[in-house]
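The values are calculated or read from the model by the stated rules, or taken from the named source; none is laboratory data. None of the values given here were measured: they were computed from a predicted structure. FYI the Cβ positions are ideal-geometry reconstructions off the backbone, even for glycines, and counts take in every protein chain you see. These accessible areas exclude ligands, DNA and RNA; they are computed on the full protein's heavy atoms, side chains included. Shrake-Rupley method; radii C 1.70, N 1.55, O 1.52, S 1.80 Å.
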Amino acid sequence: FVEKYTKFVKERSEIETNYAKQIRNLSKKYQPKKNSREEEESKYTFCKAFLTTLNELNDYAGQHEVIAENLTSQIIAELTRYLTELKAERKSHFHDGRKAQQHIESSWKQLESCKRRFERDCKEADRAQQYFEKMDADINVTKADVEKARQQAQMRHQMAADSKGDYSSYLQKFNQEQNEHYYTIIPNIFQKLQDMEERRIERIGVCMKTFSDVDRQVLPIVGKCLDGMTNAAESIEPKTDSKQVVESYKSGFEPPGDVEFEDYGQTMKRTASDTSLSNSREGKEKPAGKSKGKLWPFIKNKNKGSGPEDFSHLPPEQRRKKLQGKLDELNKDIQKEMDQRDALTKMKDVYVKNPQMGDPASVDPRLSEIGQNIEKLQFEVQKFEGWLAEVEERMPSKSDSHRRSGIYETQNNTTVSNNCAQDRESPDGSYTEEQNSETQVKFDDEFDDEETLPTIGTCKALYPFEGHNEGTISVAEGELLYVIEEDKGDGWTRVRRNEDEEGYVPTSYVEVFLEANAKGAMTYI
């Protein structure tokens, strides 16, 4: 029965293990994949609730693994060990019983042997006596023969008497051994077997209780897992999710202006608002009377490719978010490269101080490569910042809520513009941009009527900087300049020499002195 119960618990443990494995696989299967649409959607409350449910389900599976482990350690392992001891003890008791049985049987055989010898000696004595009496009565027999027969009879009687004594003695001994066998030895063996069986039954009872306790011990944690699932479901906020959808997909287009009456009696004159759904140039090519362009949100996106580098195929708000995301990625890459450069610089210093550890010159090629990478990335940052500033200036709403991204807080008076972006809106509502063969980012006078950026501090040039790239400014060593925009993590600080000259210089080339209560600073968080 112990073997049978152990097998039962083992099968239950295997069921728990397989169940936990299947639950874990189910949870893993529905986890959002990295860099997929599911990961982007995970910001919504219902997606977060589902993710929480999956995580709680994973913990729930863990509790079933705990059940399987505890069943194995507390019951299966214990009973397996106990079963070995039980078999050994039982075998020992049966061995003792067989030994006692063999001993009493051997004693009985010896008693029977003594009894038969006594019987044989008695018969021999009777025959010898009869022969002596016959010889004594015969007158023809010599006296010597009679004496010999008499002596033989006496000897036989003595042997019979000795056999009788042996038989009587052994009978007494056998009766004592038989009494001890049936009243002491065998009852003791049976008592030990009974005690062993009672202990076994008690042990099985304890294991059966443990069997239920192992399950009960995980119920509080299972309850917490279920509570977590319930709380996750209750945390779903439909209105919050719909607001996030609106925020994620709003275009930034202004509704089109009124369509003017076209008097064909006069020279054809037609104007389209800057945010009209139809393009002025294409309007001339299309015959009058045709239906106007479709509303852009309900048109399938025919452009399945990634689109232009500046995301000019997207609506303004979407373009701004994409550009900001790209800037964030570039700034992270710059930070990684700078960290590598700092680490290698420290390594080189160690090599310089301790030449036996390595050659300082061996680090130079990598440092040079990292420097080139940083320059490329900083150029990319400038390029995307120009596009970002341009799209923010062109967006209908100039409020701060439309200007902020997750990492940067950009001011309304940005003056960087792309000088070749015209006629943004196409007839089908897509956001297009005509560009020259070479994109140039420069400071324009287009927004001179806006308020200029306030000064937030001063800086002193530590090294000369030639400023070949567009958007940068050349400085001489020791020159004092005004800081109008703090380094936002990309390694560049925006400075002003006078009202007409301003641009970016590498932060590492200048020593910045910010004013305590400066307003308008672009802060890197």
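Values for this structure:
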quantity	calculated
Flag for M395 being hydrophobic (A, V, I, L, M, F, W, C) and either surrounded by 17 or more Cβ atoms within 10 Å (Cβ to Cβ) or modelled with pLDDT of 85 or more (or both)	yes
Verdict on D162 being more than 60 Å from the chain's Cα centre (by Cα) and surrounded by 14 or more Cβ atoms within 10 Å (Cβ to Cβ)	no
Contacts under 9 angstrom Cβ, first residue in region 241-252 being surrounded by 11 or more Cβ atoms within 10 Å (Cβ to Cβ), partner of a type in the set (V, I, T), 6 or more apart	D241/T45; Q244/T45; G252/V391
Which numbered condition E11 misses (of (1) over 18 Å from the mean Cα position of the chain (by Cα); (2) modelled with pLDDT under 95; (3) among the acidic types (D, E))	(2)
Filter result (without any contact (Cβ under 8 Å) to a residue 40 or more places away in the chain and within 30 Å of R203 (Cα to Cα)) within region 95-120	H95, R98, K99
Residue satisfying condition, being at pLDDT 85 or above, open to solvent by less than 60 Å² (accessible area, probe 1.4 Å) and of a type in the set (K, R), within set R200, R216	R200
Odd one out for M135 among (1) farther than 19 Å from L111 by Cβ; (2) open to solvent by 100 Å² or more (accessible area, probe 1.4 Å)	(2)
Number of positions in region 463-502 that are among the small types (G, A, S) and either under 48 Å from the mean Cα position of the chain (by Cα) or open to solvent by 60 Å² or more (accessible area, probe 1.4 Å) (or both)	3
Residue among F46, F94, F50 that alone is farther than 30 Å from A232 by Cβ, open to solvent by 30 Å² or more (accessible area, probe 1.4 Å) and in a helix (DSSP H, G or I)	F94
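Residues checked against (1) open to solvent by 20 Å² or more (accessible area, probe 1.4 Å); (2) within 22 Å of T472 (Cα to Cα); (3) touching a residue at least 40 places away in the same chain (Cβ under 8 Å); (4) in the same structural domain as L323 (by the TED database):
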| position | (1), (2), (3), (4) |
| --- | --- |
| T345 | yes, no, no, yes |
| N354 | yes, no, no, yes |
| V363 | no, no, no, yes |
| E369 | yes, no, no, yes |
| L377 | yes, yes, yes, yes |
